[in-house]
Amino acid sequence: MMISPLLLIISALALPRAYSFQSTNLYSRQTAPFFKMKSDKSSYSLGSAPRNDDVDVVLSKSPHPYCDLPGDPSLILNTNVDLGSDKPEILKKLSALVASSLGKPESYVAISITDKTSMCFGGSEDPLALGCLYSIGSINVENNGKVQNGVTDALAPYGIQANRIYINFFDVPRPNVGWNRATFGG
């Protein structure tokens, strides 16, 4: 029976979140069970990927082969209001919020706030905030809502209304996050 590549990808997207796509170009020592798709796209099989195999896509339920670190969530927040001398406390509050909301150790959380910056939302320069949260995993509706609510609560005393706060959430692949002269991809 021949399985189309499109059906394979659609099926993979429906799998539980515990599975992840991994490329043997990045993880050449990966030997966990996987569903592999040969480079010629004509044959499919279940097995273990030896080093230098011609696997394009690997579905793996195993942890990352080189790194047990949970990732590095980063919140970058910009606002046009002056946070004044409260800024260090807000940084600490948001650090704890991101750690607890994403279930990650606070020692890996990075927060950056730029206040008093020129910004416009909906054609108005009324108080607003725009942010991006990057994380290796843990980006989902429930966690995103916790962060959105917590940031809104932290900024409310400065006159920023809930409907003037945008946060974009990004689930970043391990090879795309660098730290300590390497990436989390190996």
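Quick notes on this one:
- Backbone N within region 84-124 under 17 Å of label point (7 Å from Phe170 Cα along the Cβ vector): 109-114
- Net charge over other residues, Cβ less than 12 angstrom from the Cβ of Phe169 (K, R count +1; D, E count -1): -1
- In the distance distribution for region 130-173, Cα-Cα pairs more than 15 Å apart total 41 percent.
- Backbone phi angles across region 90-95, fed through the Karplus curve with coefficients 6.51, -1.76 and 1.60 (θ = phi - 60°), yield HN-Hα couplings of 5, 4, 5, 5, 5, 4 Hz in residue order; Gly and Pro are listed as x.
- Counted residue by residue at 0.36 nm each, then reduced by the alpha carbon distance between them, the extension gain from Ala96 to Glu125 reaches 7.5 nm.
- Neighbourhood charge, 14 Å Cβ-Cβ cut-off, centred on Cys132 and excluding it, Lys, Arg +1 and Asp, Glu -1: -2
- Surface accessible to a 1.4 Å probe, Glu125 within the full protein complex, Å²: 150
- Accessible surface area normalised per residue over region 114-186 is 57 Å², counting heavy atoms of protein chains with a 1.4 Å rolling probe.
The values are calculated or read from the model by the stated rules, or taken from the named source; none is laboratory data. Everything numeric here is computed off the predicted structure, so don't read it as measured data. Note that we place each Cβ from the backbone using ideal geometry, even for glycine, and neighbour counts take in every protein chain shown. Calculation scope for accessible area: heavy atoms of the full protein, side chains included, ligands and nucleic acids excluded. Shrake-Rupley method; radii C 1.70, N 1.55, O 1.52, S 1.80 Å.
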